[in-house]
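Taking it in order: structure first as structure tokens, then the write-up.
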């Protein structure tokens, strides 16, 4: 993809994410093009329909969340990396709960996009979970899917509490993950 086409693509996806957060995934595509500063033809060249744009936003969101796990793994001690990633997952879910739900419901569970995102997140979670397990700081029986479900649960509950409440919930979860 040419550099200008790549910039347009990225600008459309970022603008669509913001528009989806503000108005839901049914926001008119022409409004997204206008807000992104591109013509409708440019938007439709990259995304022939709404589903393609929704899937691109979903992929980008999941890719950024997964990249956070790898960055934390490389920057922090194993236990800190794991629990920092849990906080990031909960933060993402809490901040974009409506968007995440809308994106997930718009992406077919049997689609290539859903399979890609699931695989990408599980690999990222494994990258912070396995070193913590090998170091003996968290339970050996934990699976990446367990952490994803726990984080999702706390993120969903975050809608009904404040920052201190989120910290308490995360503390309960992370204490239950520890070996001692």
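The values are calculated or read from the model by the stated rules, or taken from the named source; none is laboratory data. Computed from a prediction, not measured in an experiment: that's the story for all the values here. Here the Cβ positions follow ideal geometry from the backbone for every residue, glycine too, while neighbour counts run over all protein chains shown.
Observations on the structure shown:
- Exactly one residue out of 91, 122 is out of contact with any helix residue (DSSP H, G or I) (no Cβ under 6 Å at 6 or more places or on another chain), modelled with pLDDT of 85 or more and assigned to a helix (DSSP H, G or I): that is 91.
A quick yes/no check of all residues on (1) at pLDDT 95 or above; (2) under 22 Å from the mean Cα position of the chain (by Cα); (3) crowded, with 19+ Cβ neighbours inside 10 Å:
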site: 13; (1), (2), (3): yes, yes, yes
site: 23; (1), (2), (3): no, yes, no
site: 33; (1), (2), (3): yes, no, yes
site: 54; (1), (2), (3): no, yes, yes
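- Residue within the stretch 60-73 that is in contact with a strand residue (DSSP E or B) (Cβ under 7 Å, 6 or more places away or on another chain) and part of a helix (DSSP H, G or I) present: no
- Filter result for residue 155 (under 20 Å from residue 94 (Cα atoms) and touching a residue at least 60 places away in the same chain (Cβ under 8 Å)): yes
- Residue in the stretch 152-172 that is touching a strand residue (DSSP E or B) at 6+ places or on another chain (Cβ under 7 Å), surrounded by 14 or more Cβ atoms within 10 Å (Cβ to Cβ) and within 23 Å of residue 67 (Cβ to Cβ) present: no
- Given (1) touching a helix residue (DSSP H, G or I) at 6+ places or on another chain (Cβ under 6 Å); (2) assigned to a helix (DSSP H, G or I), index of the condition residue 34 fails: (1)
- A Cβ distance below 7 Å, combined with a sequence gap of six or more or placement on separate chains, defines the contacts here; from the stretch 80-91, residues that are in the same structural domain as residue 62 (by TED's automatic domain parsing) reach residues that are surrounded by fewer than 19 Cβ atoms within 10 Å (Cβ to Cβ) and outside any helix (DSSP H, G or I) in the pairs 84/76.
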